[in-house]
Amino acid sequence: MTIEMLPAWVNEVVLTALLLVVSAVAYRLMLRITRGAVRRAASHTTATWDDRIIERKVLARLVVVLPALLLFYGIGPALGLTEANSDAMPTLWTFGLLVQRAALSIVVIGTVTAATALLEAINDIYQDHFAEAKSRPIKGYLQVVGIALYAAAGVIVVSILGDRSPVVFLSGLGALTALLMLVFRDTILSLVASLQIMSNDMIRIGDWVEMPQANANGDVIDIALHTVKIQNWDMTISTIPTHRFISESFKNWRGMNESGGRRIKRSLHIDLASIHFLSDDEIAHLSRYELLREYMQEKAQHLEEYQGRVVPDDVIPEPKRLTNIGTFRAYVEEYLRASPTVHEGMTLLVRQLSPTPQGLPIEIYCFTRDTDWDKYEGVQGDIFDHLIAILPEFGLKVFQEPAGVDLAQAFATGRARDKNASG
């Protein structure tokens, strides 16, 4: 028995089932080709752009278009539909039209998803091959294009399913402008913020950014249309809306990295009771230090000239002597200038701040040559280790709040004094 000898409805069922089988086989075959042969071919090339396209599954998302086209063009012949018999078979004709519209919608959706995957692949290729990718990321712009493609695809799919021209749906968008502005508020703000960020070069991928109000402090790892991701130093990820980098303040440490120096600004609090004039023995002792030799000779000559001036007999001459705190400041400055880890081309200060209840602050203000965090902390630690250890050479002491042991010793001393006085 041939197909021509079967009833019409049997032919339609058989041909429709055959069309579905062919479409399914075509889908599986194309999917196997894209996941197998195409992937292997891309892996054997020296270029990397084809690998990015495969990784983003551009072709895999496009595979659905072929079976959808087979259904679109094959459903009419399978059901035996023609323009001439459309009135005689209204049910089949309606079914065929629904299948065609659904298939055409699948074609549109598959094409758009493949196009957005291609945009992601383009962003990956841009980051791989262009050095300015960190300073000029294009991910936000590509996301805007992707949103526009999805919006256009939505209008086209609705117009296909409703059998209306897309112009009909677009003409009604004017009344929905206020609603669209509300729905896409964040997108509009983020787009404007992205344009300002890129044009002003405010942040780049890899920048160390600090935004206390968002509890974020770390490296920028991603700049997208809506969000900026920051990996904090505790390895957590902070996701911040892009527009906040325009509306709120933040600190970018890129300038520090590019300058080649990182600032040290820390004070030593000197016990005021340990500050005094230098005796002759102390001057002789400190004059033997290599870093102080020139300073002490210059001061000795200046003091000699000062003391040699003529003063009337009835006038008490103003004494002028060296202090241990002034000599220590001179030593610290020479020590920093001689250090190979301190940047000689940047500001270097050793200054005395206003006395406080915690002593006299001597502030060290300089820049290290290395901006890496671990090396910077090592350099800073070495400097202050040395300065704290050498303070006794100048007869100085670091101020320190009394501890429990100090209070206990003072209490025991007072009791012993009272006991001796009473005895």
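Return the long-range amide H neighbours of residue 224 (sequence gap of 5 or more, or a different chain), with a cut-off of under 5 Å between placed amide H atoms.
Answer set, sorted by chain and number: 229.
Along the stretch 231-236, what does the Karplus equation 6.51 cos²θ - 1.76 cosθ + 1.60 (θ = phi - 60°) give for ³J(HN,Hα), rounded to whole Hz, x for Gly and Pro?
With the stated coefficients, the stretch 231-236 comes to 8, 5, 5, 8, 6, 7 Hz.
Which value in nm describes the separation of the simple spin-label points at residue 277 and residue 222, placed 7 Å from the Cα toward the beta carbon?
Placing both labels 7 Å beyond Cα along the Cβ direction yields 7.0 nm.
Using the count of nearby Cβ atoms within 10 Å as a rough guide to exposure, how do 281, 186, 207 rank from fewest to most?
In order of increasing Cβ crowding within 10 Å: 281, 186, 207.
Please give, to one decimal in nm, the separation of the simple spin-label points placed at residue 128 and residue 187, each 7 Å out from Cα toward the Cβ.
According to this spin-label approximation, the distance is 2.9 nm.
Report the full-extension gain for the segment residue 13 to residue 400: residue separation times 0.36 nm, less the Cα-Cα distance, to one decimal in nm. Mind dumping the intermediate values first?
Working: separation 387, 0.36 × 387 = 139.32 nm, distance 9.50 nm.
Result: 129.8 nm gained on full extension.
Label-point separation (nm) for residue 28 and residue 215, each offset 7 Å from Cα along Cα-to-Cβ?
5.2 nm
With runs of 4+ DSSP H residues as the only contributors, calculate the mean residue ellipticity of the chain at 222 nm using -39,500 (n - 2.57) per run, divided by the residue total and rounded to the nearest 500.
-18000 deg cm²/dmol
Among 394, 367, 184, what is the fewest-to-most ranking by other Cβ atoms within 10 Å?
Taking fewest neighbouring Cβ atoms as first place, the list is 184, 367, 394.
Here are a few candidate values for mean projected area of the Cα convex hull in nm²: (i) 44.9; (ii) 24.4; (iii) 22.3. Which one was actually calculated from the structure I just gave you?
(i)
Distance from a point 7 Å along Cα→Cβ of residue 285 to each backbone N in the stretch 376-400: keep the residues under 16 Å and list them by number.
Once the point is set 7 Å along Cα→Cβ of residue 285, 389-398 turn out to lie under 16 Å by backbone N, inside the stretch 376-400.
For residue 253 and residue 413, compute 0.36 nm times the residue count separating them, minus their Cα-Cα distance, and round to one decimal in nm.
Values: separation 160, 0.36 × 160 = 57.60 nm, distance 5.30 nm.
Gain in length upon complete extension: 52.3 nm.
For a Förster distance of 56 Å, can you work out the FRET efficiency between the beta-carbons of residue 151 and residue 388, rounded to the nearest 0.05?
0.30
Going Cα to Cα from residue 139, which lysines come in below 25 Å? Please leave out same-chain ones fewer than 8 positions away.
Cα-Cα hits under 25 Å: 57, 229, 251.
Quick note: the coordinates plus some simple rules give every number you see, no bench work behind them. Every value quoted in this text rests on a predicted model; they were computed, and no experiment measured them. Heads up, the Cβs are rebuilt from the backbone with ideal geometry, glycines too, and the neighbour counts pull from every protein chain shown.
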